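Working notes, structure below.
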Amino acid sequence: MGDMQIVLTRGKIEAQYVEMKVPLYSYGCEKKIKKALSNLKGIHSVQVDYQQQKVTVWGICNRDDVLAAVRKKRRAARFWGADEPGPGGAGTRRPWWTRPSSTWRRSPRTGVRRLGRSSSL
């Protein structure tokens, strides 16, 4: 259902479902998403599933416009079922505070440890 686009069938425009995976941290996020989508024309209903982190929109709309509206509020939003990066792919880098201390080095000027490549590489 998430792959549907607006298709003219004998001069008639049909409604479609757009399913997205959106990171929701609180029920306030849910309200922000619904408010952002309420400004789009042609949206008939918005369903937010907080447990699955899923937003389903039904209406006569362009799915890319719907995703763009949601991304204004939640940058990491993507279509439901979109390919996720695998191990070692883009976006799998660990945060700097969880990296091993071997990746840290001291600045020669200040002596403060900072993240960076060692000069021995």
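The values are calculated or read from the model by the stated rules, or taken from the named source; none is laboratory data. Quick caveat, the model's predicted, so the values are computed rather than measured. Backbone-built Cβ (ideal geometry, glycine too); neighbour counts: all protein chains shown.
For region 61-75, the set of residues classified as surrounded by 11 or more Cβ atoms within 10 Å (Cβ to Cβ) and at pLDDT below 90 consists of CYS61, ASN62, ARG63, LYS73, ARG74, listed by residue number. Restricting attention to region 1-55 and to residues that are closer than 14 Å to ALA69 by Cβ and exposed (fewer than 10 other Cβ atoms within 10 Å of the Cβ), the residue that is modelled with the lowest pLDDT turns out to be ASN39.
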